[in-house]
1. Identify all residues within region B:234-251 that are in a loop (DSSP other than H, G, I, E, B) and in contact with a helix residue (DSSP H, G or I) (Cβ under 6 Å, 6 or more places away or on another chain); write none if there are none.
2. Conditions first: (1) over 20 Å from residue A:359 (Cα atoms); (2) more than 10 Å from every other protein chain (Cβ to nearest Cβ); (3) surrounded by 19 or more Cβ atoms within 10 Å (Cβ to Cβ). Residue A:375 passes all but one, so which condition is the exception?
3. What are the residues in region A:4-36 that are without any contact (Cβ under 8 Å) to a residue 60 or more places away in the chain and either in the same structural domain as residue A:170 (by TED's automatic domain parsing) or crowded, with 16+ Cβ neighbours inside 10 Å (or both), if any?
4. Which condition breaks for residue B:62 when tested against (1) touching a Ser or Thr at 6+ places or on another chain (Cβ under 7 Å); (2) within 14 Å of chain A (Cβ to nearest Cβ)?
5. Answer yes if at least one residue in region B:132-143 is touching a Lys or Arg at 6+ places or on another chain (Cβ under 9 Å), at the interface with chain A (Cβ under 10 Å from one of its Cβ atoms), outside any strand (DSSP E or B) and buried (at least 17 other Cβ atoms within 10 Å of the Cβ), and no otherwise.
6. Could you pull out the residue among A:405, A:454, A:375 that is within 31 Å of the chain's Cα centre (by Cα) and closer than 30 Å to residue B:230 by Cα?
7. Does residue B:194 satisfy the criteria of being part of a loop (DSSP other than H, G, I, E, B), on the phi < 0 side of the Ramachandran plot and at the interface with chain A (Cβ under 10 Å from one of its Cβ atoms)?
8. Output the residues belonging to region B:214-236 that are under 45 Å from the mean Cα position of the chain (by Cα) and more than 8 Å from every other protein chain (Cβ to nearest Cβ).
Amino acid sequence: MVTQFGIKFAVHLITNHFGNLVAKVCENLFSHGSLTLDQLVRYSELTKDQVKNSLLVLVQHNCCQAFVSAPEDDDDDADRLRVRTQYLVLFDNIIHRLRFPKFLETVSRKLDEECVELLDGLLRDGRLTLKQMVDRASQGKENAVDTKVVREILSKLLTARLVERCPAPEPVVSTSFKETTTRKRGAKSAKIFEAPETLEQRVLEAAVPGNALRFSFTADMRSNVDGETNSDDDQITSVEENDAKEEEILWRANFEEFIRHIRHKALIENIRTQHDDGTATVLSAVLEATKTVEKKVKMENSVPLSLDTITAEVMKTDTGRTMTIDRIRASLSQLGCSQRMIVDDAYSIDLKKIIERAQNEEVESIVLKRYGRDAYRMFRLLSKDCCFHDTDQIAASTLVEKKEAPKLLYRLWKDNYLYMEKVIATGVKQTTILMWKVNKPLVWEHVLDEMYHAALNLSLRMAFEQEKDEELLNVPKDKLKEPGPLQKKYKRLLNVWLLLGSSLMKLDEALMLFHDF
Amino acid sequence: MNYPHLTALGLGMSQLQESSSLKRKRQDLALVSGSMTDGERVLYNLIHSKKDMGIWTGDMKRQTNLPDSIVKKSLKLLQSKNLIKEVVNIQNKGRKHYMAAEFEPSKEITGGDWYTQGSLDTDFINLVKDVCLKCIFRQKVATHDGVLEWSRKSGVFTVEVTAQQIDEILRALVLDDEIEEVKSTGLGDFSSVPVGRICYRCKSKGGNRGEQKPGAMASIPCGVCPRINFCTPDGIISPRTCVYYQKWLDF
């Protein structure tokens, strides 16, 4: 689900980070879908070299994925000869650029400063080999840092799955959507997967190396990232050869894992405010224990665990040590674990419900601020019931003046927050009854688009404020410390930046809530 | 007066009074109707037949075919004799609506318990809300019956508050996000409530109303902007020229 302002915001981020040329290429990829190099040159009206370099930048920063469309049976010879490499822009990865501070914070919380430094390099440069990492670490230092040290840090990040091998540069992907199932090549070829919904998902799935390889160091498994391993045959690679190969492997930050971490954190914090610390501790322990078996980020339910396992996990934590089994059981019941799970001794927590609740709260708070308390009650009634209600019924259930109700409902409808249908009732007199409903998927998409719009505005305003007070940045620091109009202006600018910056970070959490979680 | 024979027949005093007052009422009515003009009688019978629903003057004219002036005059006379009264109809406040004096307007006419004189009694609603909230806050968790009993005992209300009214208030408070509906687990705060019973719990820690924190979007100008649909990066309305931003960033 990429909305209009989502694209505008993504292009804005690319403009900010890489300039207008790259942004133009990026914009064309958004508006036309995946394109070949020649098509891009035609659409963007740039030179071939400019487009090529822009694409290289985008690929380097994981904002673009190349793929080769598989030849189809009915292709003629000319078709088979043409260049099939297409470029697909990755919206999510562009927006993730906004979250780099959050990713770094995650690493500093989970691991140590050295890891933060290494990850910082990866985020700044997009993709790095071990050798490049060593060079980076050695910069500005008298003695070069030993490869072993960097290797150690990298393997820490790999174990935590926060760093991964880069995906295959050009996977071959079938672009026809006739088949219902696709087969994955390599070791997993026997398994039949469900057909991915979009081309983007299909390309990403084809490009990602198998799990074993994705987080593994050994170059032994060949760096062609094709999911193939040369197990017993072939020549035995010498240690030197292995090392050389190892240095060629490209690494990058694993955004998926970071988003998982942030999602877990959001889930836990939501539960903490909704219930209590104990319940949050239980949820946190369950998520921590099952994070490696989670198949995707948007898990609807937590992986089932027995009460014994949960108790053991809870007791591992500092805050959980004080909890008795009874309290853990009560917390699980607060987390919505049913009688059925108690009987089966397999507790699974409805995570989707927690996310939906947080989404509801976000939208409702917008309605409250924009349309007032009466409208807020009406919206909540309709959003909870998920079915049509007529105007009078809504007014009666929400204790709103009968004459005011239609006006408020109309305003909400006009701004796309409500869905309305007219029903003609034929009785003694013919009357038109207005039926109202909250159509969640539509409202959510609309809200998300407005959020991207707001994020874009915050970012633009930040740039504007900086531009407005540009002269301040050229003033020597000592002068700014002296009291006077200059200092006042400088202080204002700092406050403005702080407010805009923190608002953008907070808004980004809401964006993730609606798009990534 | 003494009614030994009546007592002997087993008729209580109250029943006697009732029957005599009934008789008198009928007599009065007969007396009054005797002095009514034809127009008045026709109108009165029509209004009376509508019972607690009453009737609009327009409908009276249509149904009786009486001329405008007679209807007006008769209504005035009937009102002065205290036989009919004017009531406010919530469906259409501008229309003159009459009802026989002995009936109380139905819910369709008044709009329900929360309406007085045809408009929503928000002060009363807020008062009941406050009382309910206070009750739930003090008891940590409370059931519907608990709130009802507490409000009756406390004697805050001069009028009788019905179970249905409390129910409506509690539902409105849930929609206000002031309280939440929870099922009793029988543990901790719930120890006084049987397991599985629906009860209510305050959302805010202070027991005050309207304490919710705004969300990320609602706390920035764009989140509440009425002009966001007209806002573009280079348009007349843009983040550069935005007056709401100006106000927000005024340190």
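The values are calculated or read from the model by the stated rules, or taken from the named source; none is laboratory data. Not measured: the values here are computed from a predicted model. Here Cβ is always computed from backbone atoms with ideal geometry, including for glycine, and neighbour counts include all displayed protein chains.
1. B:239, B:240, B:249, B:251
2. Single failed check for residue A:375: (1).
3. A:11, A:15, A:18, A:21, A:22, A:23, A:24, A:25, A:27, A:28, A:35, A:36
4. All conditions are met except number (1).
5. no
6. Values: A:405 fails: within 31 Å of the chain's Cα centre (by Cα); A:375 fails: within 31 Å of the chain's Cα centre (by Cα).
Of the residues listed, the single one that is within 31 Å of the chain's Cα centre (by Cα) and closer than 30 Å to residue B:230 by Cα is A:454.
7. Details: part of a loop (DSSP other than H, G, I, E, B): yes; on the phi < 0 side of the Ramachandran plot: yes; at the interface with chain A (Cβ under 10 Å from one of its Cβ atoms): no.
No, not satisfied.
8. Our first condition is that a residue be under 45 Å from the mean Cα position of the chain (by Cα); within region B:214-236, this holds for B:214-231.
B:221, B:225, B:227, B:229, B:230 - these are the residues of region B:214-236 that are under 45 Å from the mean Cα position of the chain (by Cα) and more than 8 Å from every other protein chain (Cβ to nearest Cβ).
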